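Written out below as structure tokens is the structure these notes cover.
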Amino acid sequence: MGLFDDFSKFFETRLEEFLRNNPHLELQALEEQLREQEDDTLRLIADLQRQEKKLEENILATAQEVKRWHSRVERARAANKVDLARAAEEREAELLRQGNQQWGQMRGCKERIEQAKQLYKQVHKRREEVKIKAREVEAQRYAKKAQSWETQAWERNRSFSSSNTVGDPLEDRFRRWETDEELQKMKRNMGN
């Protein structure tokens, strides 16, 4: 395991170094993580909403059972069946407790849905902020590249023009000839 751990640590270190040197990629990775977190949160919300719907169905079914057993209690009392009425009352009370538990579970589920929705909003907002920052970093990166290209082009032009004038034998011959012509012209003008 030691070799694998060393190998893994080496790659993690190199990856962190690479991301520090390329912040635009780090932002893209963060944006991707946030997108995945958004997707996970949406799946959680959908699961919770399905649970909520199932709990609502169970509550309605339990309410129907309570209603049915309440009716049986009333009929057993009316028929003076005390033992049957008492057993029906116990069943009705048990169903009411069950309904209360289901109601509490549904309230808890609704709260979790709201929390998940808030989490989704926060993650979405953060992702948008990261997306904007990534665009800014990318724009700065392109601006630096463009400036670098302009500087390099200017340096190439300057070195090309200076290299063309310095050490060029043809240039030197023309300069001497032009200088000689100027001197001859000045001599003529002075002689007149």
Applying the Karplus parametrisation 6.51 cos²θ - 1.76 cosθ + 1.60 with θ = phi - 60° to the phi angles of segment 103-117, what ³J(HN,Hα) value in whole Hz is obtained for each residue in order, glycine and proline being reported as x? 4, x, 4, 5, 4, x, 5, 4, 5, 5, 4, 4, 4, 5, 5
For Lys81, give me every one of the lysines with a C-alpha distance below 29 angstrom, ignoring sequence neighbours fewer than eight places off in its own chain. Lys67
Under the 0.36 nm per residue contour assumption, what length would be gained going from the current alpha-carbon distance of Leu183 and Glu56 to full extension? 34.8 nm
Read phi for every residue in segment 27-38 and hand back ³J(HN,Hα) as whole Hz from Karplus 6.51 cos²θ - 1.76 cosθ + 1.60, θ = phi - 60°, with x for Gly and Pro. 5, 5, 5, 5, 4, 5, 4, 5, 5, 5, 5, 4
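Across all directions of projection, what mean area in square nanometres is found for the Cα convex hull of segment 53-95?
Details: hull surface 10.1 nm².
Over all viewing directions, segment 53-95 projects a mean Cα-hull area of 2.5 nm².
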So Lys131 and Ala29, fully extended at 0.36 nm per residue minus their Cα-Cα distance, gain in nm 35.7 nm
Too long for a 21 Å Cα-Cα cut-off, among Lys9/Lys125; Lys53/Lys110; Lys110/Lys131, are Lys9/Lys125; Lys110/Lys131
Along Cα→Cβ, 7 Å out, is where each label goes; now give me the distance between the ones at Ala93 and His70 in nm to one decimal. 1.7
Residue-ordered couplings for segment 80-95, obtained by feeding phi - 60° into the Karplus form 6.51 cos²θ - 1.76 cosθ + 1.60 and rounding to whole Hz (Gly and Pro as x), are 6, 9, 4, 4, 5, 5, 5, 5, 5, 5, 5, 5, 4, 5, 4, 5
Compute the length gained on full extension between Asn80 and Lys117: take 0.36 nm times their separation in residues and subtract their Cα-Cα distance, giving the result in nm to one decimal. 7.9 nm
Charge dipole of segment 39-112 about the Cα centre (unit charges at C-beta), most positive-ward option of Gln101, Ala76, Ala87: Ala76
What lysines could a cross-link reach from Lys144, if we take a straight Cα to Cα line under 19 Å and drop same-chain neighbours fewer than 8 places away? Lys133
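No value in this document is a laboratory result; all are computed from the given coordinates. Since this is a predicted model, take the numbers as computed values, not measurements. Positions of Cβ are backbone-derived with ideal geometry, glycine not excepted, and every protein chain shown enters the neighbour counts.
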